[in-house]
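K.L.:
The structure that follows is given in the form of structure tokens.
The values are calculated or read from the model by the stated rules, or taken from the named source; none is laboratory data. Here the structure is a predicted model, which is why all the values come from computation and not from measurement. Cβ coordinates were reconstructed from backbone atoms using ideal geometry, including for glycine residues, and neighbour counts include every protein chain displayed. Accessible surface is based on the protein model in full, side chains and every heavy atom, while ligands, DNA and RNA are left aside. Shrake-Rupley method; radii C 1.70, N 1.55, O 1.52, S 1.80 Å.
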Amino acid sequence: MPDSITVTSPAFREGAPIPVRFACKGAGGQGKTPPLRWSVASTGVGAQALVVDDPDAPSGAYVHWVLFNIDATANEILEGVIPRHAEQALSTADKVGYAPPCPPKGELHRYRFTVYALRDRVPLANGAKLNQVLSEIAERTVARGRMTVRFGGQ
């Protein structure tokens, strides 16, 4: 599926390092959720989702955050704010919520922020299992867009 949603952030840009405030405390960060903006997909969208993952994790893509059932007309997430009425799935670590970037010392990792336009809402509740939510998102995706940043290497 071609990317047809443009994803940006007022706090960082494509390919650049993500500011430390969005990283884990162990890396000197505050663990804040980053602000994101995206182009709203065309009509026929019933909800949106965001998946944040690290494709460079040793055991395969590590999912840091999944937000789903974001309002269909939303076009941004504010820094440190979970959108009203959005649900959050479990992460790879089996926790609900944002798991900030925290690569092993000396390793530089990429973090992908992928926004999905969904034809309808995901019929799962807050805290649903990661694989179930990702499967439901995949079945409903009509458009997507991605922004990739880096963190680590110190």
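K.L.:
State all residues of region 1-23 that are surrounded by 15 or more Cβ atoms within 10 Å (Cβ to Cβ) and more than 15 Å from Arg150 (Cβ to Cβ); if no residue qualifies, say none.
P.N.:
Result: Ile5, Val7, Thr8, Arg21.
K.L.:
I'd like the residue in region 40-52 that is farther than 16 Å from Pro83 by Cα and among the polar types (S, T, N, Q) and, out of all such residues, is nearest to the chain's Cα centre (by Cα).
P.N.:
Here is the first cut: in region 40-52, the ones farther than 16 Å from Pro83 by Cα are 41-45.
Next, from what is left, pick out any that are among the polar types (S, T, N, Q): 42-43.
On the way: Ser42: 20, Thr43: 22 Å.
Of everything passing the filter in region 40-52, Ser42 is nearest to the chain's Cα centre (by Cα).
K.L.:
Which residues, taken from region 24-64, are of a type in the set (A, V, I, L, M, F, W, C), at pLDDT 95 or above and within 14 Å of Pro100 (Cα to Cα)? I'd like the intermediate steps shown before the answer.
P.N.:
Step one: list which residues in region 24-64 are of a type in the set (A, V, I, L, M, F, W, C), which gives 24, 27, 36, 38, 40-41, 45, 47, 49-52, 57, 61, 63.
Cutting the leftovers down to at pLDDT 95 or above gives us 36, 38, 47, 49-52, 63.
Passing the criteria: Val51, Val52, Val63.
K.L.:
Go through region 3-13 and give me each residue that's under 16 Å from the mean Cα position of the chain (by Cα), part of a loop (DSSP other than H, G, I, E, B) and either over 14 Å from Tyr111 (Cβ atoms) or aromatic (Phe, Trp, Tyr) (or both). Let's see the steps before the verdict.
P.N.:
To start, the set of residues in region 3-13 that are under 16 Å from the mean Cα position of the chain (by Cα) comprises 3, 5-13.
Going one step further and asking which of them are part of a loop (DSSP other than H, G, I, E, B), we end up with 5-6, 9-13.
Residues satisfying the conditions are Ile5, Thr6, Pro10, Phe12.
K.L.:
Right, another one. So, of the residues in region 94-119 that are in a loop (DSSP other than H, G, I, E, B) and over 17 Å from Leu50 (Cβ atoms), which turns out to be most open to solvent (accessible area, probe 1.4 Å)? Outline the logic, then answer.
P.N.:
Going residue by residue through region 94-119, those that are in a loop (DSSP other than H, G, I, E, B) are 94-95, 97-107, 119.
Imposing the further condition that a residue be over 17 Å from Leu50 (Cβ atoms) reduces the set to 94, 102-107.
Details: Asp94: 114, Cys102: 73, Pro103: 23, Pro104: 62, Lys105: 184, Gly106: 51, Glu107: 76 Å².
Taking the candidates together, the pick is Lys105.
K.L.:
Hey, any hits in region 54-61 for a residue that's over 22 Å from Leu134 (Cβ atoms) and either over 16 Å from the mean Cα position of the chain (by Cα) or surrounded by 13 or more Cβ atoms within 10 Å (Cβ to Cβ) (or both)? Step through it out loud before you land on a result.
P.N.:
Of all residues in region 54-61, those over 22 Å from Leu134 (Cβ atoms) come to none.
No, region 54-61 contains no residue that is over 22 Å from Leu134 (Cβ atoms) and either over 16 Å from the mean Cα position of the chain (by Cα) or surrounded by 13 or more Cβ atoms within 10 Å (Cβ to Cβ) (or both).
K.L.:
Taking the condition open to solvent by 20 Å² or more (accessible area, probe 1.4 Å), aliphatic (A, V, I, L, M) and within 18 Å of Met147 (Cβ to Cβ), does Ala49 pass?
P.N.:
On the way: open to solvent by 20 Å² or more (accessible area, probe 1.4 Å): no; aliphatic (A, V, I, L, M): yes; within 18 Å of Met147 (Cβ to Cβ): yes.
Spelling it out, it is not the case that Ala49 is open to solvent by 20 Å² or more (accessible area, probe 1.4 Å), aliphatic (A, V, I, L, M) and within 18 Å of Met147 (Cβ to Cβ).
K.L.:
Among the residues of region 72-92, how many are over 21 Å from Gly145 (Cα atoms) and over 15 Å from the mean Cα position of the chain (by Cα)?
P.N.:
Qualifying residue count, region 72-92: 2.
Results for (1) closer than 21 Å to Trp38 by Cβ; (2) surrounded by fewer than 19 Cβ atoms within 10 Å (Cβ to Cβ), shown as yes or no for each residue.
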position	(1), (2)
His64	yes, no
Asn75	yes, yes
Lys129	no, yes
Val149	yes, no
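K.L.:
Testing Glu136 on (1) over 19 Å from Val7 (Cβ atoms); (2) open to solvent by 70 Å² or more (accessible area, probe 1.4 Å); (3) charged (D, E, K, R), one condition comes back false. Which one is that?
P.N.:
Glu136 satisfies all of (1) over 19 Å from Val7 (Cβ atoms); (2) open to solvent by 70 Å² or more (accessible area, probe 1.4 Å); (3) charged (D, E, K, R) except (2).
K.L.:
May I ask you to list the residues in region 14-39 that are within 16 Å of the chain's Cα centre (by Cα), touching a residue at least 60 places away in the same chain (Cβ under 8 Å) and in a loop (DSSP other than H, G, I, E, B)?
P.N.:
Glu14, Gly15, Ile18, Ala23, Cys24, Gly31, Lys32, Thr33, Pro34, Ser39
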